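The values are calculated or read from the model by the stated rules, or taken from the named source; none is laboratory data. The model shown is predicted, which means the values in this text are computed figures rather than measured ones. Here the Cβ positions follow ideal geometry from the backbone for every residue, glycine too, while neighbour counts run over all protein chains shown. Heavy atoms of the whole protein, side chains included, go into the accessibility calculation; ligands, DNA and RNA do not. Shrake-Rupley method; radii C 1.70, N 1.55, O 1.52, S 1.80 Å.
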Amino acid sequence: MLEELKKKVYEANMDLPRYGLVTFTWGNVSAIDRETGYFVIKPSGVEYDKLTPEDMVVMDLDGNKVEGRYNPSSDTATHLEIYKAFPEVGGVVHTHSSYATSWAQAGRSIPCYGTTHADYIYGEVPCVRCLTKEEIDEAYEANTGRLIVSEFKRMDKDPMAVPAVLCKNHGPFAWGKDAQDAVHNAVVLEEVAKMAYRAETIQKDIQPAPQELQDKHYYRKHGANAYYGQN
């Protein structure tokens, strides 16, 4: 079932250590097939060098395992909530990449200080609040996803224009149109987190890039009038 999608999700998961985004098994990638409503995700706690495409787990949007010999990632319920709320999203990534996680642990959103950030993410990368004790005890992973969704809706953020979020005291999630795109955005997130940290270290009273510069760089790559790259 969904053999081609399993292969793509496997390859995307293998990109996480290749790009230095995970240590040990601290990460996962999933992707959804919107026609069936099933998504494929990495199994929980299996070492990357022991994974195969056949090890990927197929889930439905009710949280039921449809196929797979392993238990799915412990973050499956978070991915599920993002898929249910954002139909444009085709792939989701969670890592504990060190710079993005450092911002999350500090409880700070990442300001847009320059054009590298603006090329991919419109405005700051938001850091949502920590879950309450009740939310943690009741359904930790599902409530993580629900919090991400509710905060994006409250802030009126387009999840495809802001394809990443920080969860306070936890770490980053990123997403995209498919698994590969989600990993790409996770790599970008880690790089802009690193640049922002260094920029604040160099200049303590640094301000975000001018809005007109942010707009220019974002919209030359995105939207109806984009002109970056080849037709």
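Across the stretch 39-56, what is the number of residues that are open to solvent by 40 Å² or more (accessible area, probe 1.4 Å) and either aliphatic (A, V, I, L, M) or touching a Leu at 6+ places or on another chain (Cβ under 6 Å) (or both)?
At the first step, the residues of the stretch 39-56 found to be open to solvent by 40 Å² or more (accessible area, probe 1.4 Å) are 44-45, 47, 49-50, 52, 54.
Imposing the further condition that a residue be either aliphatic (A, V, I, L, M) or touching a Leu at 6+ places or on another chain (Cβ under 6 Å) (or both) reduces the set to none.
Qualifying residue count for the region: 0.
If a residue counts only when it is in contact (Cβ under 8 Å) with a residue 40 or more places away in the chain, which strands (runs of 3 or more DSSP E) contained entirely in the stretch 1-73 have at least 3 such residues? Walk me through how you get there before you give the answer.
Working: elements: 27-33, 38-41, 57-60, 65-67.
Counting at least 3 such residues, we get 27-33.
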Among the residues that make up the stretch 79-88, is at least one of them open to solvent by 50 Å² or more (accessible area, probe 1.4 Å), among the acidic types (Asp, Glu) and either touching a residue at least 24 places away in the same chain (Cβ under 8 Å) or assigned to a loop (DSSP other than H, G, I, E, B) (or both)? yes
Which numbered condition residue 145 fails, given (1) farther than 21 Å from residue 19 by Cβ; (2) without any contact (Cβ under 8 Å) to a residue 40 or more places away in the chain; (3) of a type outside the set (S, T, N, Q); (4) outside any loop (DSSP other than H, G, I, E, B): (2)
Can you name the residue in the stretch 162-176 that is among the aliphatic types (A, V, I, L, M) and in contact with a Phe, Trp or Tyr (Cβ under 8 Å, 6 or more places away or on another chain) and is also surrounded by the most Cβ atoms within 10 Å (Cβ to Cβ) among such residues? 166
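Considering every residue within the stretch 145-153, establish whether at least one is of a type in the set (Ser, Thr, Tyr), at pLDDT 95 or above and crowded, with 16+ Cβ neighbours inside 10 Å.
Residues of the stretch 145-153 that are of a type in the set (Ser, Thr, Tyr), as a first pass: 150.
Narrowing the set further to residues that are at pLDDT 95 or above leaves 150.
Okay, now just the ones that are also crowded, with 16+ Cβ neighbours inside 10 Å, so none.
No, the conditions are met nowhere in the stretch 145-153.
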Take the residues in the stretch 175-210 that are within 11 Å of residue 113 (Cβ to Cβ) and of a type in the set (S, T, N, Q); name whichever of them is farthest from the chain's Cα centre (by Cα). 203
Matching residues, the stretch 1-44, being within 20 Å of residue 65 (Cβ to Cβ), over 18 Å from the mean Cα position of the chain (by Cα) and modelled with pLDDT under 95: 1
Suppose we keep only residues that are in a loop (DSSP other than H, G, I, E, B) and under 15 Å from residue 115 (Cβ atoms) within the stretch 211-225. Which one would you say is farthest from the chain's Cα centre (by Cα)? 220
Selection within the stretch 97-113 - open to solvent by less than 70 Å² (accessible area, probe 1.4 Å) and outside any helix (DSSP H, G or I): 97, 107, 109, 110, 111, 112, 113
